[in-house]
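Notes to accompany the following structure.
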Amino acid sequence: MAFFKIKSVWNYCTYNKPFLALILLFFCVLVYFEQSYKDSSSTFEILIFLVVDVLLFGYGMLIARDRMRGGFRLPKIMVKDCFISGVKSTIIIIVFVYVQGFILDLVCSPLDFPEFDLEDMLLDFPQTIHNLYSHNPIDAFVFIVLGAILFYITTFFLEIALARLADTGSIKTAFNLIGIKKDIDTFGWWNYAKEYTGIVLTIVLFAYLNYIDIPVDILNYIWGVFCFMLMFSTQFWGIGEIYGKIKEKRKEVSS
């Protein structure tokens, strides 16, 4: 499954090589500003950092919308759409991530574990193994099982919320929890778990490409941004891919 997703995302991102160079330049500029101002304290620099994040999330929304509608290549950069979608998606992400963090903290803190995050755990696997071995087996088991269940459920809701926003442009629709649950029910919780696990593994495998070191600084920077772009695109490509399948299943049920 992960291999199929790697191939699909790679083909999606590299379909048009000249356009890929333009998108890569766009990401290089945004990542540069993000890294430059992420620890800033001045109001102006914090504002620049926020605008960069908004534009990134906004472009992610364009990828999700394009993919759920059958797109096969990276979408054009539409600054106005990026900004509007970015502001809305940032609000949704902040709310859902805060709720997710609160729920996961109820499990992780009593067991003295860091917050459960499947992607981070796989990206830093040696630290994950250390954490598991440094705790008693029962606590480790509870952390893995309960943490994974809660993480998957809350992530499903977040991703469908973003998909609904990308599809309709409506924040109200994105916060419709009953509608989100119906969407997940339509696709199937187990099917969603398999799809999302494949997406996470794809992101992790793209992340490992970043360990390839290029001796020329500028080329190494561009390579790092390219790897980040692949990971970023995978996340939002996956959101659009899954929601596109949900919409198809809805049509099958209604017909």
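Protein heavy-atom accessible surface, 1.4 Å probe, per residue over the stretch 1-41: 63 Å².
Estimated at the nearest 10 Å², the accessible area of PHE141 is 140 Å² with a 1.4 Å probe.
At 1.4 Å probe size, with the rest of the protein present, what percent of the exposed accessible area of the stretch 71-177 is carbon and sulfur atoms? Walk me through the numbers on the way to the answer.
Values: 4140 of 5810 Å².
Carbon plus sulfur share of accessible area: 71 percent.
Across the stretch 1-67, Cα-Cα pairs farther apart than 17 Å form 55% of the total.
Specify whether the C-alpha gyration tensor of the stretch 124-165 places it in the rounded, prolate or oblate class, a ≥ b ≥ c being the square roots of the eigenvalues: rounded for a/c under 1.5, otherwise prolate if a/b is larger than b/c and oblate if not. Let's see the in-between values first.
On the way: a/c = 6.90, a/b = 2.35, b/c = 2.94.
Because a/c hits 1.5 or more and a/b fails to exceed b/c, the stretch 124-165 counts as oblate.
The coefficient of translational diffusion for the stretch 43-118, derived via Stokes-Einstein from the alpha carbon Kirkwood radius under 4 °C and 1.567 mPa s, stands at 90 µm²/s.
Report, ordered by chain and residue number, the aspartates and glutamates lying within cross-link reach of LYS38, taken as a straight Cα distance under 14 Å and ignoring same-chain residues fewer than 8 apart. Counting by Cα, and skipping residues close in sequence, LYS38 has these aspartates and glutamates nearby: ASP53.
By per-residue mean of other Cβ atoms within 10 Å, what is the highest-first order of 239-245, 171-177? Don't jump to the answer; show the numbers that get you there.
Working: 239-245: 22.6, 171-177: 15.6.
Result, highest mean first: 239-245, 171-177.
For the chain, complete DSSP H runs whose alpha carbons reach 24 Å or more along their own long axis and whose mean Kyte-Doolittle score is -0.5 or higher are 17-37, 43-68, 79-108, 137-168, 189-209, 217-254. Counting heavy atoms of the protein chains alone, ASP139 has an accessible area of about 40 Å² for a 1.4 Å probe.
Grab the other residues whose beta carbon is less than 13 angstrom from that of PHE49, score K and R as +1, D and E as -1, and report the net.
Numbers: positive: LYS38; negative: GLU34, ASP39, GLU45, ASP53.
Residues near PHE49 contribute -3 overall.
Annotation: aspartates and glutamates with alpha-carbon distance below 13 angstrom to LYS5 (same-chain offsets under eight excluded): GLU195, GLU241. Placing unit charges on the Cβ atoms of the charged side chains and taking the dipole of the stretch 17-143 about its Cα centre, the candidate lying farthest along the positive direction among VAL51, PHE96, VAL107 is VAL51. Each 5 Å bin from zero up to the one holding the largest Cα-Cα distance in the stretch 108-249 carries the following percent of pairs: 2, 9, 16, 17, 15, 15, 12, 9, 4, 1, 0.
Non-local lysine pairs in the stretch 112-254, meaning eight or more places apart or on different chains, with alpha-carbon distances under 14 Å, amount to 6. Starting from the Cα gyration tensor of the stretch 184-255, take the square roots of the eigenvalues, sort them a ≥ b ≥ c, and report rounded, prolate or oblate (rounded when a/c is under 1.5, otherwise prolate if a/b is larger than b/c, else oblate). Prolate shape, in that a/c is at least 1.5 and a/b is the bigger ratio.
From the protein chains alone at 1.4 Å, what is the descending order of accessible area for TYR208, TYR37, TYR32, largest first? The partial results should precede the final answer.
Values: TYR208 95, TYR37 55, TYR32 130 Å².
Largest accessible area first, the list is TYR32, TYR208, TYR37.
Taking each DSSP H run with n ≥ 4 as -39500 (n - 2.57) and averaging over every residue of the chain yields -28500 deg cm²/dmol at 222 nm.
Please list the three semi-axes, largest first and in whole Å, of the ellipsoid equivalent to the chain, using sqrt of 5 times the eigenvalues of its alpha carbon gyration tensor. Don't skip to the answer; put the middle values down first.
Working: eigenvalues 150, 127, 76 Å².
Largest first, the chain gives 27, 25, 20 Å.
The values are calculated or read from the model by the stated rules, or taken from the named source; none is laboratory data. In this text the structure is predicted, and so the values were computed from the model without any measurement. Heads up, the Cβs are rebuilt from the backbone with ideal geometry, glycines too, and the neighbour counts pull from every protein chain shown. Ligands, DNA and RNA are stripped out before the accessible areas are found, and what is left, the full protein with its side chains, is counted by its heavy atoms. Shrake-Rupley method; radii C 1.70, N 1.55, O 1.52, S 1.80 Å.
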